[in-house]
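Beneath this line is the structure, given in structure tokens, with notes to follow.
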Amino acid sequence: MTVTQETATQETAPQGTGCPVAHTFPFSGSSYRGPAPLYSRLRDEQPVAKVPTAGGVDAWVITRYEDVRRLSADPRLSRAQACGEAAPRVGGTMHTTPEMIISLDAPEHSRLRKLVAGAFTMRRVERMRENVQRVTDELLDDMEAKGGTVDLVQQLAVPLPLTVIGELLGVPAEDLREFEQWARAFATVDDRAGGEASLHALGKLSEYIVGLIAEKRANPADDMLSELIAARDEGDRLSEPELVTFGFTLIGAGFDTTANQLANSVLALLVDHQEQWRYLVEDHSRIPKAVEELLRHVNLFATDTSGFPRIAAEDIEVGDVTIPKGDAVLLSLASANRDPEVFDQPDRLDLGRERNPHISFGHGMHYCLGKHLGRMEMEIAIEGLVRRFPDLKLAVPESELPWHTGEINHTLTSLPVVRGD
């Protein structure tokens, strides 16, 4: 069956198992509030659906929790085959370079992950808690001193994780401001400029990280980059290109996703869920559980998938559908996190939710290395906000908030907030 671009925009129902859906991916209607409405219908009627994409190729979209979780750990779905010049271009998704750890399959991925995993253990992250608290308190002190309307994106959501990542890598304090400008430009593609600013920043960051690696190799310090330079396993160690590309991965995944998740979560609480904000103000011990629910409910991904396509390395059976070898596959984490078979009242934000096996950090081989750090930063930031600014509110109508378009993530340009009367 052929689906034309004209019919691809029609609001028609799914047409049967294995038959292309008359909607082009990325689907319309996605926001920080939740995935596009079509995902709910696909979960019910066609959980393994072949759809046309904005890149011009068809892809299989997987929407149910159990399928998404299982396929995330299936080695027959290749990330490596989805990278590089010959890979099919699935519109709306991120195409990473082949050298990055998120672009690799086993055994190359397993080798790199084993070398770097020690830098992200819960014990090591907990050792950072005092420093993350200090950075957060300083940012909130400045926010309080300014008074009036402040931009929470520029005041807290961006500088907190970026400062932490800079200190993790061992970026000298005097370089941090320039590093921040390059890192933010690298992680946030400006759709009006065709990505040129991002590419320019990538070149600057590459040059800087190469120099930083040379400095750390000559003069090791107590930072993650020095640890990664020294890390070895049975005589193996990270190569120079691997160290550089891992630095990019850490910058993009380690600060930009946290910055967006934090800003979007605060927005959700201030606009639609003021009673849940007050719930946290009343008892700060509720925050760790609340962060897990915010990670599940507040939608980070503009495409409602993780942003990374995979390729079937061989035929794969999913229910009564066969995904042929060579086809592109998209796993919808946002849809999986709203599956009523797993989550009671999945479209409801419940900060006290007891059972919450969300997969916002992924699953399987590519399970997010920085999950402990991301959780900790979210907890410390939200605790600081509800403790010091319990009457915080949005300073402008929600309709006036600026968003970047064409992004992999739902990215706020600014979030003006003010203390209540």
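Here are a few things to note about the model shown:
- Among the conditions (1) over 16 Å from Gly384 (Cα atoms); (2) free of Cβ contacts under 8 Å to residues at least 40 places away in the same chain; (3) of a type outside the set (Lys, Arg), the only one that Leu169 does not satisfy is (2).
- Members of region 145-181 found to be hydrophobic (A, V, I, L, M, F, W, C), within 29 Å of Lys216 (Cβ to Cβ) and open to solvent by 40 Å² or more (accessible area, probe 1.4 Å), listed by number: Ala173
- Among residues of region 304-318 being under 15 Å from Gly362 (Cα atoms) and in a loop (DSSP other than H, G, I, E, B), the one that is farthest from the chain's Cα centre (by Cα) is Pro309.
- No other residue among Leu267, Leu250 is open to solvent by less than 10 Å² (accessible area, probe 1.4 Å), assigned to a helix (DSSP H, G or I), over 28 Å from Trp60 (Cα atoms) and in contact (Cβ under 8 Å) with a residue 40 or more places away in the chain apart from Leu267.
- Condition met for Phe301 (touching a residue at least 60 places away in the same chain (Cβ under 8 Å), among the hydrophobic types (A, V, I, L, M, F, W, C) and open to solvent by 20 Å² or more (accessible area, probe 1.4 Å)): yes
- Members of region 64-101 found to be in a loop (DSSP other than H, G, I, E, B), modelled with pLDDT of 75 or more and out of contact with any Pro (no Cβ under 8 Å at 6 or more places or on another chain), listed by number: Ala73, Asp74, Pro75, Arg76, Arg79, Arg89
- Some residue of region 277-285 being part of a loop (DSSP other than H, G, I, E, B) and modelled with pLDDT under 95: no
- Just one of the listed residues (Leu412, Leu385) is under 13 Å from Val266 (Cβ atoms), buried (at least 20 other Cβ atoms within 10 Å of the Cβ), in contact with a helix residue (DSSP H, G or I) (Cβ under 6 Å, 6 or more places away or on another chain) and not basic (Lys, Arg), and it is Leu412.
- Answer residue from region 126-144, given it is more than 24 Å from the chain's Cα centre (by Cα) and under 30 Å from Ile229 (Cα atoms) and is most open to solvent (accessible area, probe 1.4 Å) among those: Glu130
The values are calculated or read from the model by the stated rules, or taken from the named source; none is laboratory data. What you are looking at is a predicted structure, and each value in this text was computed from that prediction instead of being measured. Cβ atoms come from the backbone with ideal geometry, glycine included; neighbour counts cover every protein chain shown. We work out accessible area using only protein heavy atoms, side chains counted, and drop any ligands, DNA or RNA first. Shrake-Rupley method; radii C 1.70, N 1.55, O 1.52, S 1.80 Å.
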